[in-house]
Each structure stands twice: as structure tokens, then as C-alpha cells.
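First comes the structure, then the notes that go with it.
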Amino acid sequence: MTLGPGDMNVDKIVNILSDKKHGFAGLIPKDSMLKLAHFVAHGQVDMDMYIERSTKKARGSVERGERIYQTTCARCHGADGKEINFKAPPKIEYIGTVANKNPWETLHKIRNGQPDVQMISIGAFDVQTHVDILAYTQTLPAK
């Protein structure tokens with residue numbers, strides 16, 4: 001069984017992932033399988049619609065992204081995006097570094113959070129809002 005465009009039934013996705021062909025039923029706990037099915041059904045987007053591949057620039061509003069970043073993300077990342085260094089010193093990698101180097105990764109983390117750390121998912125916002133936040137993070141310092 002395969003999914004066609006627009007076939008986003010979570011139960012159907014769980015059944016496909018659990019069938020003999022795919023065999024994930026014994027490997028993935030039930031609650032995790034449901035989360036995976038929700039991601040497959042609702043969490044994926046065509047990022048090329050939102051990020052210019054040749055320039056890596058987000059197609060979003062920096063001004064709108066700034067308002068959301070400064071009221072939501074700055075609490076952990078800092079107003080200038082330099083509160084968290086993702087690398088071990090002396091190397092540095094801030095949100096501005098990653099947003100410019102790999103905007104696809106950054107957009108994914110904005111949308112879905114970061115496993116095993118306190119990075120929240122802001123899935124309650126629409127995709128364009130996520131892209132606006134990405135556009136703003138691309139203005140933050142890389143060093």
C-alpha cells in the first residue's frame with residue numbers, strides 16, 4: 001500500500017509503517033509510531049518553496065520573524081542569537097551560523113524542535129511564520 005498526494009490519514013500511515021513490508025511495528029514503540037505518522041501526515045513541507053536553493057535565503061519577512069524570535073526564541077538563544085554555542089569551544093556555531101549555512105536544518109528545527117534537548121517545536125504556527133523566523137535568524141551574527 002502506498003500513499004497518494006493528499007492521503008494524510010494517520011491511522012493509514014501507522015498501518016503502512018506496521019505492515020510486513022515495512023516491519024516497523026516491533027521496532028518503534030506505539031506512541032512513537034503515532035508521532036512519526038503525524039509527522040509524515042502533517043509535518044513535511046517542500047522547503048524549496050520557502051528557501052531559495054542557490055542563495056540559501058529564506059523567503060520570509062525579517063520584520064515579522066524578528067517579533068516572534070524576540071518574544072519566543074530569544075529566551076534561550078539570546079536576543080543576538082549567541083546565547084547557545086552548538087559547538088565545543090573554541091569552535092563557534094550560533095543560530096545565525098546554522099541559519100545561513102544550512103537553512104533547511106534550521107527550518108526543520110524551528111518547525112519540529114530538537115530531540116533530547118529543550119528546543120521546543122513551534123508547530124502551532126503556520127509554515128510561513130516558521131519561514132519568517134528563519135529569515136530573521138539569517139540576520140543574526142554567525143561569529
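No other residue among K35, K20 is outside any loop (DSSP other than H, G, I, E, B) and not assigned by TED's automatic domain parsing to the domain that holds S121 apart from K35. Flag set for E66, criterion: of a type in the set (D, E), surrounded by 12 or more Cβ atoms within 10 Å (Cβ to Cβ) and outside any loop (DSSP other than H, G, I, E, B).
N85: without any contact (Cβ under 8 Å) to a residue 60 or more places away in the chain and either in a helix (DSSP H, G or I) or under 18 Å from V127 (Cβ atoms) (or both), yes or no? It is false that N85 is without any contact (Cβ under 8 Å) to a residue 60 or more places away in the chain and either in a helix (DSSP H, G or I) or under 18 Å from V127 (Cβ atoms) (or both). Taken together, the residues in the stretch 33-71 that are over 27 Å from T129 (Cβ atoms) and among the polar types (S, T, N, Q) amount to 0. Within the stretch 123-143, being assigned to a loop (DSSP other than H, G, I, E, B) and surrounded by fewer than 17 Cβ atoms within 10 Å (Cβ to Cβ) holds for G123, A124, F125, D126, T139, P141, A142, K143. In the set (1) among the hydroxyl-bearing types (S, T, Y); (2) in a loop (DSSP other than H, G, I, E, B); (3) touching a residue at least 12 places away in the same chain (Cβ under 8 Å), T72 fails one condition alone, (2).
When the criteria are applied in full, H77 meets the requirement of being under 18 Å from F125 (Cβ atoms) and touching an Asp or Glu at 6+ places or on another chain (Cβ under 8 Å). Among the residues of the stretch 110-122, which ones are under 19 Å from V62 (Cβ atoms) and surrounded by fewer than 22 Cβ atoms within 10 Å (Cβ to Cβ)? Result: I122, single match.
The values are calculated or read from the model by the stated rules, or taken from the named source; none is laboratory data. All values reported here derive from a predicted model rather than from experimental measurement. We place every Cβ from the backbone using ideal geometry, glycine too, and count neighbours over all the protein chains shown.
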